[in-house]
Amino acid sequence: MYHRLFLKLVLFLSLFALYSCSPLGEPVNPELSDSFFYDKSKTDIIYSSMGNWFELGSKSLGADSESFEVLNKNIGKDNQNAYYQSLIINHSKLDLNSFHAKTDDWMWHIGIDKNHIYTFQKDIENAEYVLKTSIIKGADPSSYQQTDFDWAKDHKNHFYQDRMVNVDYESFKVINDYFAKDDRQVYFYYQDRFDSLDAQTNNFRKINRYYARDTEFIYLFLPYLRGESIKQVHKIPYEKFRDVKLFNDSYLLVDDRLYFEAQIVEGINVDNLKVFDQSYVKDDQQVFYQGLIIEGADAKTFEYDKSSYLYRDKNNQYRQGKIWVPDHN
């Protein structure tokens, strides 16, 4: 009993000391943001991410506390400046009187005035945080809406990574993580790339978040293959889609051909195929890692060992497709 009371007392004293040292006063508007606070005298505004000043720090804005208002999770303004987190937003075209922000998901880095849509990104220069502010060209302030991390739209245009894309507005839709389409064209996108793709527009559809298809080909965009950057769209021909089997995001069986990330796995007997995960498969004779034969592995005894979180056969353990010998030193 006394031990528990002692621990409670220590915890209470620790929390009291931590609170006493805190620079934070009351939150300005806890419904909109957990990061903007008055200082304890209510004469300034302090930004502290999620209120975690002890680990993430805090910074005084030097803002006018009486006129300061929270606009969303990351953005606020007073009668002199607009702020993104702890940094003043400086842009020659920003109209402070009409400046506002939306509270919707994905809009926390977006500011709006009567003329423009602004995006904000923190960077580090000379060991100091700086704010980079950009205007999204052609975006309509009255109707702009960010729909996810990459995509946005207004009443007449679609935007990918803060830039307008030339697509048919009404029919455009995102298919999966790499492909999109409208009534005229299929597109693939990745990072700053947005390009047209030679595919059947009317029949182009999603398989999963990575694969798509039309009536002739399965499409996969590969940023990397076995750790090497390739950034290519691959087309896999097929006869009947009902005969296609997607085991996982890496292995695909098409017309008796096994593919690892769009590369044919040579020398495998698909009639005796066992797929373990995104990397390992085997047949009755050989074991494969990322579509390549593991020389010397014994297919008959090769299995996953749950106790060691490794693959093993009767002779060896394997990690990343290679024999692994534990270091007992």
Notebook entry, point to check: What about Ser142, is it closer than 30 Å to Glu170 by Cβ, open to solvent by 60 Å² or more (accessible area, probe 1.4 Å) and without any contact (Cβ under 8 Å) to a residue 40 or more places away in the chain?
Noted result: yes
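Condition check ((1) under 25 Å from Ser22 (Cα atoms); (2) among the aromatic types (Phe, Trp, Tyr); (3) touching a residue at least 12 places away in the same chain (Cβ under 8 Å)) across all residues:
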position: Ser35; (1), (2), (3): yes, no, yes
position: Ser60; (1), (2), (3): yes, no, yes
position: Asp64; (1), (2), (3): yes, no, yes
position: Leu71; (1), (2), (3): yes, no, yes
position: Gly76; (1), (2), (3): yes, no, yes
position: Asn81; (1), (2), (3): no, no, yes
position: Gln85; (1), (2), (3): yes, no, yes
position: Lys93; (1), (2), (3): no, no, yes
position: Asp123; (1), (2), (3): no, no, no
Check: Are there any strands (runs of 3 or more DSSP E) wholly within the stretch 222-329 with 2 or more residues that are farther than 28 Å from Asp177 by Cα, and if so which?
Finding: 303-305, 310-312, 317-319, 322-324
Margin query: With the requirement that a residue be closer than 16 Å to Asn90 by Cβ and among the small types (Gly, Ala, Ser), what does the stretch 108-142 give you?
Written below: Gly111, Ser134
Note to self: For the stretch 126-136, check the following and say yes or no: at least one residue is over 30 Å from Asp44 (Cα atoms) and either modelled with pLDDT of 95 or more or in contact with a helix residue (DSSP H, G or I) (Cβ under 9 Å, 6 or more places away or on another chain) (or both).
What the structure shows: yes
Check: If you scan the stretch 242-252, which residues turn out to be open to solvent by less than 70 Å² (accessible area, probe 1.4 Å) and farther than 20 Å from Leu292 by Cα?
Finding: Val244
Notebook entry, point to check: Inside the stretch 103-132, can you point out the residues that are in contact with a strand residue (DSSP E or B) (Cβ under 6 Å, 6 or more places away or on another chain), in a loop (DSSP other than H, G, I, E, B) and surrounded by fewer than 18 Cβ atoms within 10 Å (Cβ to Cβ)?
Noted result: Trp106
Next item on the list: Quick one: Asp255 ticks every box in (1) open to solvent by less than 30 Å² (accessible area, probe 1.4 Å); (2) modelled with pLDDT under 95; (3) not polar (S, T, N, Q) except a single one, so which number is it?
Entry: (1)
Checklist line | Top-ranked residue of the stretch 304-329 - restricted to ones that are surrounded by 13 or more Cβ atoms within 10 Å (Cβ to Cβ) and more than 32 Å from the chain's Cα centre (by Cα), ranked as modelled with the lowest pLDDT | finding: Trp324
Margin query: When you check Gln80 against the structure, is it polar (S, T, N, Q) and closer than 27 Å to Thr147 by Cβ, yes or no?
Written below: no
Margin query: Looking at the stretch 274-317 only, could you name the residues that are in contact with a Leu (Cβ under 7 Å, 6 or more places away or on another chain) and free of Cβ contacts under 8 Å to residues at least 24 places away in the same chain?
Written below: Asp283, Gln317
Notebook entry, point to check: Do any strands (runs of 3 or more DSSP E) lying entirely in the stretch 152-217 carry at least 1 residues that are hydroxyl-bearing (Ser, Thr, Tyr) and either in contact (Cβ under 8 Å) with a residue 24 or more places away in the chain or open to solvent by less than 20 Å² (accessible area, probe 1.4 Å) (or both), and which ones are they?
Noted result: 158-160, 186-190, 211-213
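The values are calculated or read from the model by the stated rules, or taken from the named source; none is laboratory data. Note that the structure is a prediction, hence the values are computed from the model and not measured. FYI the Cβ positions are ideal-geometry reconstructions off the backbone, even for glycines, and counts take in every protein chain you see. What goes into the accessible areas is simple: the full protein's heavy atoms, side chains included, and nothing from ligands, DNA or RNA. Shrake-Rupley method; radii C 1.70, N 1.55, O 1.52, S 1.80 Å.
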